[in-house]
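Reviewing the structure listed below.
The values are calculated or read from the model by the stated rules, or taken from the named source; none is laboratory data. From a predicted model like this one, the values you see are computed outputs, not experimental measurements. Neighbour counts are summed over all protein chains in view; Cβ atoms, including those assigned to glycine, are modelled from backbone coordinates with ideal geometry.
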């Protein structure tokens, strides 16, 4: 269902099939220091605990080992390792890429440029600060799109390349008074179309308990790939 750029990034080359209720240990020396522990539960596929060699030694784990899901959290806690809380990961099915790539942007939805600074500043001034922080939508990101109503920017989305890959991480936000009118969906589809045209894979992430954001992802054609959690930064 998903493109090779997704599966090759998230899955080891030779995954060891794990039993139900277990997590496979993967040791990855290339992991960044601020991502030294990560847990991935796929909707369809294995569950993975990916560690740097140092973290693996600390936890007494070896590559290919299976850990019971119920034992994982206590084991991490005993080692003083805390996770941020899971993100849901969504991607467009590979079979939908061509249709999304060719989809024209609706009237009022377009790419944002530095000339939109005033409109974007007005937008961010009206949006809740906590939601802006969570969505991480910025005008100067790699790609930024917006939807306008009567000259007012009412929804905005931006993307940036994810950890030097061809995955493009997406954030989106709509002004509270303008929600429920499809503006966010239009904006997400438009920015995803441009990303695909540029050879990138749109990646939609949101906190697992953010049901509204998950519903938006699905309405825009994204399918849940799995849940990903990572160690808290110091």
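Would you be able to say whether some residue in the range 161-172 is crowded, with 21+ Cβ neighbours inside 10 Å, touching a helix residue (DSSP H, G or I) at 6+ places or on another chain (Cβ under 6 Å) and assigned to a helix (DSSP H, G or I)? Checking the range 161-172: not a single residue is crowded, with 21+ Cβ neighbours inside 10 Å, touching a helix residue (DSSP H, G or I) at 6+ places or on another chain (Cβ under 6 Å) and assigned to a helix (DSSP H, G or I). Test residue 116 against the criterion of being under 20 Å from residue 25 (Cα atoms) and either touching a residue at least 60 places away in the same chain (Cβ under 8 Å) or in the same structural domain as residue 205 (by TED's automatic domain parsing) (or both), and give yes or no. No: the conditions fail for residue 116. When 127, 155 are checked against the criterion of being in contact with a strand residue (DSSP E or B) (Cβ under 7 Å, 6 or more places away or on another chain), surrounded by 22 or more Cβ atoms within 10 Å (Cβ to Cβ) and assigned by TED's automatic domain parsing to the domain that holds residue 97, a single residue qualifies: 155. The criterion of being assigned to a loop (DSSP other than H, G, I, E, B), in the same structural domain as residue 138 (by TED's automatic domain parsing) and farther than 23 Å from residue 153 by Cβ holds for residue 199.
Specify which of the listed residues (201, 164) is out of contact with any strand residue (DSSP E or B) (no Cβ under 9 Å at 6 or more places or on another chain) and within 25 Å of residue 97 (Cβ to Cβ).
Numbers: 201 fails: out of contact with any strand residue (DSSP E or B) (no Cβ under 9 Å at 6 or more places or on another chain).
Exactly one of 201, 164 is out of contact with any strand residue (DSSP E or B) (no Cβ under 9 Å at 6 or more places or on another chain) and within 25 Å of residue 97 (Cβ to Cβ), namely 164.
Which strands (runs of 3 or more DSSP E) does the range 66-146 wholly contain that include 1 or more residues that are more than 25 Å from residue 210 (Cβ to Cβ)? The strands (runs of 3 or more DSSP E) meeting that bar are 66-68, 109-111. Selection of the range 212-234 for residues being free of Cβ contacts under 8 Å to residues at least 12 places away in the same chain and more than 27 Å from residue 34 (Cα to Cα) yields 212, 215. Here residue 190 qualifies as part of a helix (DSSP H, G or I) and either at pLDDT below 95 or under 16 Å from residue 110 (Cβ atoms) (or both). Inside the range 48-93, can you point out the residues that are within 12 Å of residue 225 (Cα to Cα) and surrounded by 15 or more Cβ atoms within 10 Å (Cβ to Cβ)? Scanning the range 48-93 gives 87, 88, 89, 90, 91, 92.
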